[in-house]
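J.: Following this message is one structure expressed as C-alpha cells.
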Amino acid sequence: MDISPVFFYSFAAVAIAFSGMVVLKKSPIASALSLVIVFFCFGGLYAMLDAHLVAALQILVYAGAIMVLFIFVIMLLNIDAPSLDTMRAGRLGRFMIIALSIGLLSLFIWAFKETTPPASVGAFTPQRIQEAGGNTRVLSELLFSEYILPFELTSVLLLGAIVGAVAIAKRRST
Amino acid sequence: MDTFDWVATAVKILIVLVPLLSVAPVMAWVERRGSALMQNRKGPNRIGPLGLLQSIPDAIKFMGKEDPIPGHVEKFYYVLAPLASLIVPFLTFAVIPFASSMTIDGRVINFQIADLNVGFLFILAVGSLGVYGIIMAGWSSNNKYALLGSLRSSSQMISYELSMGLSVIGIVMAFSTVHLGEIARAQGEVLMTLGPLTIPKWGIFIQPLGFLIFLTTAFAETNRLPFDLPEGESELVAGYHLEYGSMKFALFMMAEYMNMAVASGFIASLYFGGWQMLPGMHSVLDVLGLSGLTFDIVRVAFEALSFLLKLCFFMWFFVWVRWTLPRFRYDQLMDFGWKVLLPLSLANIFITGVMIYYRWY
Amino acid sequence: MLVKHKKSIWYEFYVIDIAKGLFITMRNMLFAPNVTIEYPEVRRNYSDRFRGMHYIKSVNGVENCTACMLCPTVCPAECIHIEAGERPDKEKYPVKFEVDLLRCCFCGMCEEACPKDAIKLSNIYEMSVSQRTVYDKSYLAEQRGNK
C-alpha cells in the first residue's frame, strides 16, 4: 500500500493555497505566517524524496530562523495595510507585473512539457547513499572536501554582510 | 510497508502518545505539590491519595469553562496558535529513541517512531517552529502585553537556539553521527574503569561543558524559569497567552509541559545514555535468567523504564529549578545568551575538535 | 547610583551558586516542617480578646439589655439599631435589636460602652453568608460565647 501520492498532493495543494494567501492577504504578518506554512510543506515534500537533511535544513533555516526574523521586523516596524497602499504600483506598472507573471508561468509550463527527465542517473543513487552512510554524511563529506572553497567563501560573504549591517546600524545611531 | 510494520508503528505511537498526553496533568500536580513543599506549604492534598487526582477536576474545570473569542482578535491565527504550539512537541518526540531494538519473527523493530538519519537536526528544526505558536498568539491577540511577550520570546528563542545547536555539535563530533539511535547506542560503551566503578561513555562525561550549555538553553527554549520572560506575570500580566481562556489556555499549558518532556528526553538521550540501562539493572536482568522472546521483551521494558526514569528526573529538575531561581532581567538574558553561552559553545566545539585530533575519545 | 561590586570569578561562574540554591530548596522540601493549618479540620486558636460575631448576653432567659442606647450612640459605623419598649414589669427592654453586619467594623466599642454587660463580641469568626444579612434580636439572643 503506497500512500505517498496522497501526501504529495496534500502537501502540494496546501503549499499552493498558502502561496496564494501570501499574495492576497492584506496584513503583512498574515502573509508572512502563510509563507511559513508554505516552507513547511516544502519541507514535507523534500522529506518524501528521502532528502531528510534538506527537509530539516529547510525548516530549520527558512521556517525556523529567517521567517521568525521577518515577522520580528514586521512587528517592530508595525507596517499596516494603509501604509502599504501608498506603495502600490501605477496602472502601467500593474499591467507589466501581470504580463511578466503570465509570461513566466507559461515559460515554466512549456519547460516542463517539452523537456524529458534525464535517462541516466547521477552518481548518487539511494543505494549508494545508504552504503556511504546516509545523506548527512555524504553531504558533509562533499562540503568539506570537494566544495570546501565555495563553502568557506559563502561564509565569508555572510560575515561581510553581517559586518556591513552592524556598520550601517552603528553609523545611523550616532 | 506491510501489516507488521503498521502494527509495530501503531504500538510505538501508543507507547509514546499516552504518556506524552498524560504529562500535563501529572506535571501540573508535581509542580504544585513540589512548589508547595519547597515553600513549606502542603499543596493540593484533598482529592485522591496525596492529591494525585487533583488534575481531574482541574481538567473538568478547563473543559467546562466558557470558551470566548474576544472581538478584537485575528480569529484564524488566534485559534491556530494553541494548536501550532501543541503540534511541535508531538512531532519532536517522534525521533527520540526510548529503547533499543528487538527482533520478532526475524524482523527488527527500532523503538523510535520515526527513524530519521538526521535525528537531532529534525528536533532542532521542528523545535524552532515552537516560536510560531507564541508569535501567532501574541500578535493575533491585538494586545500590547501579549505582543510584548511574544516579541520577547521570539528574540529569546532565536538567541538561545544558536547556542543550543552549537552545543549539540560537540556530541555529534564525539560520536560522529547525527542519528539519535546510534548516539544512544554509542553511549553504552565503557569510557573508563575506576576500581569497582565503571563509567559509561555517557555524553555528560565526555561533554560536561556542552551539557551545561545545552541544559541552560533547554530552559530558555521551553520558556521556563529563570527564562520565563515571555510570560513574566509581574510585568506582562501573563504574556502571550493573556487573551486565552478555557481549553485554549489549557492547550498552551499542555504544550509547555510537553516541551519540557521533549527537552528532558533530548537531554537524557544525548547526555545520559538514552535507553542505556541504569546501574544495577543489568544484574537484575541476569538474575531473572530469561531467554528468547521473553528476555527481549523484559530487556526492552527495562530500557524503556531507564529512559523514563531519566526523563522524569529532568522533568523534576525543570520544576526544581523553577522554584529555586528568580527571573532574569531582559538585558541580562540577552547578554548571557550572546556574550557567554555562544562563545562558550564555540569554545566547546574547538576543545572537542582538539580532543578528537589527539584521539582522546 | 549604580554601585559595582567586585565579584570573584566563582561568583560569575553561576553553576556553584545555583547548585547551592537547589540544595537549599531540596532541603526545605525534605526536612523543613510545613506551616500550613489545614483549616476545616484544624483551626487556629485565637486569643480570648478576639472580636467576632455579636450576641446579647442573657441571664435566666432574660436579656441583660435595657435599651439604654449607649451602644448605637458610640458605634462609629452606626450599625446598631434599637427600638425600646416596656415589659409588663415596667422594665425597659429592646423590642428590636439589629446589627447590620455589612457595616459593622468589629471595633468592640459597643461592648465597652455597655453598662449592663449585654452586647458581647464572641470568638466566632466564620460569618460568611450567601446573602446580605442584618442580624435581628432573636438571632443575637443565642448565647454564642461565655464572655
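J.: Could you identify the single residue in C:Lys90, C:Lys96 that is under 20 Å from C:Glu142 (Cα atoms) and basic (Lys, Arg)? Write out each step before concluding.
T.: Details: C:Lys90 fails: under 20 Å from C:Glu142 (Cα atoms).
Residue meeting the stated conditions: C:Lys96.
J.: Follow-up question, since we're still on this one. Step by step: first the residues of region A:3-52, then only those that are within 14 Å of chain B (Cβ to nearest Cβ) and polar (S, T, N, Q), then the one that is surrounded by the fewest Cβ atoms within 10 Å (Cβ to Cβ). Which residue is that?
T.: Looking at residues that are within 14 Å of chain B (Cβ to nearest Cβ) and polar (S, T, N, Q), I get A:Ser4.
J.: Exactly one of (1) more than 13 Å from chain A (Cβ to nearest Cβ); (2) surrounded by fewer than 22 Cβ atoms within 10 Å (Cβ to Cβ); (3) hydrophobic (A, V, I, L, M, F, W, C) is unmet by B:Ile87. Its number?
T.: The single condition B:Ile87 does not satisfy is (1).
J.: Among the listed residues B:Val95, B:Val73, B:Val79, identify the single one that is farther than 22 Å from A:Asp50 by Cα, in contact (Cβ under 8 Å) with a residue 24 or more places away in the chain, in a loop (DSSP other than H, G, I, E, B) and of a type in the set (A, V, I, L, M, F, W, C).
T.: Residue meeting the stated conditions: B:Val73.
J.: Failed condition for C:Val95, given (1) buried (at least 17 other Cβ atoms within 10 Å of the Cβ); (2) in contact (Cβ under 8 Å) with a residue 12 or more places away in the chain; (3) not charged (D, E, K, R), with all others met?
T.: (1)
J.: Would you call B:Tyr160 at pLDDT 80 or above and closer than 30 Å to B:Ala10 by Cβ?
T.: Criteria not met by B:Tyr160.
J.: Of all the residues that make up region A:69-124, how many are outside any loop (DSSP other than H, G, I, E, B), among the hydroxyl-bearing types (Ser, Thr, Tyr) and at pLDDT 75 or above?
T.: Number of matching residues: 2.
J.: Please specify each residue of region B:1-57 satisfying the condition of being of a type in the set (Gly, Ala, Ser), touching a residue at least 60 places away in the same chain (Cβ under 8 Å) and away from every other protein chain (no Cβ under 14 Å).
T.: B:Ala8, B:Ala24, B:Ala28
J.: Also, I was wondering about something else. So in region B:160-186, with the set limited to residues that are within 11 Å of chain A (Cβ to nearest Cβ) and of a type in the set (S, T, N, Q), which one is surrounded by the fewest Cβ atoms within 10 Å (Cβ to Cβ)?
T.: B:Ser176
J.: Need a quick list: helices (runs of 4 or more DSSP H) entirely within region C:1-107 having at least 2 residues that are more than 14 Å from chain B (Cβ to nearest Cβ) and either closer than 30 Å to C:Ile124 by Cα or within 28 Å of the chain's Cα centre (by Cα) (or both).
T.: C:70-74
The values are calculated or read from the model by the stated rules, or taken from the named source; none is laboratory data. Given the structure is predicted, the values throughout are model-derived calculations rather than measurements. Don't worry about glycine lacking a Cβ; one is built from the backbone with ideal geometry, like all the others, and counts go over all protein chains shown.
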